[in-house]
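The values are calculated or read from the model by the stated rules, or taken from the named source; none is laboratory data. Model, not experiment: these values are computed from the prediction. Neighbour counts run over all protein chains shown; Cβ positions are idealised from the backbone, glycine included. Just so you know, the surface numbers come from the protein's heavy atoms only, side chains and all, with ligands and any DNA or RNA stripped out. Shrake-Rupley method; radii C 1.70, N 1.55, O 1.52, S 1.80 Å.
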Amino acid sequence: MSITPPWFVRAHLKTRQLMLVIAIEEHGNVHRAAEALNMSQPAASKLLKSLEVLIGVPLFDRLPRAMRPTWYGESMIRHARIALSSLGEAGAEIEALKAGHAGNVTIGAIAGPAMTLLPPALARISQAYPDLRVSLVVDGSDVLLEQLAQNRIDLMIGRLFARHDKRHLHYQPVAEEQVCAIARPGHPLLSLGNPQLRDLALASWVVPPEGSILRHRFELMFQSAGLEVPRRMIGTAALVLLPRLLQESDHLAVVPVDIARHYAEHGLARTVPLELSCNMDSFGFITRTDWLLSPGARTVLDALKDAAADIYTPKARGNRKSGN
């Protein structure tokens, strides 16, 4: 029984053609794309024309001063990026194996689990797989999802909301994320035996940037209670600045409980004894369904799942709370 080879094999599709359609989309015309690829414009035009003939559809609309991808072109460009990225990953993986390494894996994570989940998981990986190189990216879910789509990270720990395109994503929930207010040790508010939300409304704050989910829920918390939103707020996503900002002022900050616990353990901040109602949605492991994880990435994901089971199970959470 003969097996018909894939269309791109029958058509003798060239890597150079994939690079060309991406370059045209990035630079806007054949001339600049050809320069970027160090080839002549006639050669680039011929290469593009041969690809369109092979596929049987136009990939770009020819405008007076630019070229714009058609629907067919957008699909081809997206898959061209994936194909070239995959080849790049293959080359990097082979080079790593040749050099005696087990591969390279990049993890993306939002701040809370980055503080709590990643350290024990990476300690296990380092001990069991010393030749596996792991890189970390800590950012918001929107940024990480974009990097995941561009193959800049292998997997991520974050959130999915209704606005996100989930067609090529697999989400495995891990835990919900509670938030709290923190202040520097010695803050006047901490001297109150039982601070209320109205006391927090009068304080100055360090909060997430405008447009973030937590910022919206933080403001809504006061509005729902019939209080004015705090007027003095510094918006930033740079958690590394928080301890210094709190130490130099009487600002409060709203952060995930895991981050508050880390700051408290190092004497950098204390948790304000008032439960907030602006908690975040659950977070989880997110991978792509249209992309195969490398052996190293699967190893990392398994280690993360094992660590998550230890940290976020009800028994583990109870032990952590009793240790505070």
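When the range 200-213 is examined, which residues are found to be under 25 Å from the mean Cα position of the chain (by Cα), part of a loop (DSSP other than H, G, I, E, B) and at pLDDT 90 or above?
Taking the range 200-213 first, the residues under 25 Å from the mean Cα position of the chain (by Cα) are 206-213.
Subsequent filtering for residues that are part of a loop (DSSP other than H, G, I, E, B) retains 208-212.
Of everything in the range 200-213, nothing turns out to be under 25 Å from the mean Cα position of the chain (by Cα), part of a loop (DSSP other than H, G, I, E, B) and at pLDDT 90 or above.
Could you check residue 133 against (1) over 23 Å from residue 79 (Cα atoms); (2) open to solvent by less than 80 Å² (accessible area, probe 1.4 Å); (3) among the charged types (D, E, K, R) and say which number it fails?
Only one criterion is unmet by residue 133, namely (2).
For the range 115-130, which positions are open to solvent by 20 Å² or more (accessible area, probe 1.4 Å) and of a type in the set (A, V, I, L, M, F, W, C)? Write out each step before concluding.
Pass one, the range 115-130, residues open to solvent by 20 Å² or more (accessible area, probe 1.4 Å): 115-116, 119-120, 122-124, 126-130.
Within the range 115-130, 115, 122, 123, 128 meet the criteria.
So how many residues does the range 136-148 have that are of a type in the set (Ser, Thr, Tyr) and either open to solvent by 40 Å² or more (accessible area, probe 1.4 Å) or assigned to a loop (DSSP other than H, G, I, E, B) (or both)? Break it down into steps so the answer makes sense when it comes.
So in the range 136-148, the residues of a type in the set (Ser, Thr, Tyr) come out as 141.
Filter once more, so that each one left must be either open to solvent by 40 Å² or more (accessible area, probe 1.4 Å) or assigned to a loop (DSSP other than H, G, I, E, B) (or both): none.
Of the residues in the range 136-148, 0 are of a type in the set (Ser, Thr, Tyr) and either open to solvent by 40 Å² or more (accessible area, probe 1.4 Å) or assigned to a loop (DSSP other than H, G, I, E, B) (or both).
Can you tell me which condition residue 266 does not meet? The list is (1) touching a residue at least 12 places away in the same chain (Cβ under 8 Å); (2) open to solvent by 50 Å² or more (accessible area, probe 1.4 Å), and all the others hold.
The number of the failed condition is (1).
For residue 151, all conditions in the list (1) open to solvent by 40 Å² or more (accessible area, probe 1.4 Å); (2) in a loop (DSSP other than H, G, I, E, B) hold save one; what is the number of the exception?
It fails just one condition, (1).
Do we find a residue being under 18 Å from residue 140 (Cβ atoms), part of a strand (DSSP E or B) and open to solvent by less than 20 Å² (accessible area, probe 1.4 Å) anywhere in the range 180-199? Spell out how you get there, then give the answer.
First pass over the range 180-199, keeping only residues under 18 Å from residue 140 (Cβ atoms): none.
No, the range 180-199 contains no residue that is under 18 Å from residue 140 (Cβ atoms), part of a strand (DSSP E or B) and open to solvent by less than 20 Å² (accessible area, probe 1.4 Å).
Of everything in the range 56-86, what is of a type in the set (A, V, I, L, M, F, W, C) and in contact (Cβ under 8 Å) with a residue 40 or more places away in the chain? Give them in sequence order. Please lay out each step first, then the result.
Taking the range 56-86 as the starting set, the residues that turn out to be of a type in the set (A, V, I, L, M, F, W, C) are 57, 59-60, 63, 66-67, 71, 76-77, 80, 82-84.
Across the range 56-86, the qualifying residues are 67, 76, 77, 80, 82, 83, 84.
Inside the range 234-248, can you point out the residues that are open to solvent by less than 40 Å² (accessible area, probe 1.4 Å) and either without any contact (Cβ under 8 Å) to a residue 12 or more places away in the chain or in contact with a Ser or Thr (Cβ under 7 Å, 6 or more places away or on another chain) (or both)? Give the steps one after another, and end with the answer.
At the first step, the residues of the range 234-248 found to be open to solvent by less than 40 Å² (accessible area, probe 1.4 Å) are 236, 238, 242-243, 246.
Of everything in the range 234-248, just one residue is open to solvent by less than 40 Å² (accessible area, probe 1.4 Å) and either without any contact (Cβ under 8 Å) to a residue 12 or more places away in the chain or in contact with a Ser or Thr (Cβ under 7 Å, 6 or more places away or on another chain) (or both), namely 238.
Residues that are surrounded by fewer than 17 Cβ atoms within 10 Å (Cβ to Cβ), more than 22 Å from the chain's Cα centre (by Cα) and modelled with pLDDT of 85 or more, at least 1 per element: which strands (runs of 3 or more DSSP E) completely within the range 48-114 meet that?
On the way: elements: 60-62, 67-69, 103-109.
Ranges flagged: 60-62, 67-69.
Being outside the structural domain of residue 288 (by the TED database), among the aliphatic types (A, V, I, L, M) and over 10 Å from the mean Cα position of the chain (by Cα) narrows it down to one of 169, 197, 132, 160, so name that one. Spell out the reasoning first.
Numbers: 169 fails: outside the structural domain of residue 288 (by the TED database); 132 fails: outside the structural domain of residue 288 (by the TED database); 160 fails: outside the structural domain of residue 288 (by the TED database).
Going through 169, 197, 132, 160 in turn, the sole match is 197.
Would you call residue 132 over 17 Å from residue 287 (Cα atoms), of a type outside the set (Phe, Trp, Tyr) and modelled with pLDDT of 90 or more? Give the derivation first.
Values: over 17 Å from residue 287 (Cα atoms): yes; of a type outside the set (Phe, Trp, Tyr): yes; modelled with pLDDT of 90 or more: no.
No.
Within the range 10-28, does at least one residue satisfy the condition of being part of a helix (DSSP H, G or I), modelled with pLDDT under 85 and farther than 21 Å from residue 290 by Cα?
yes
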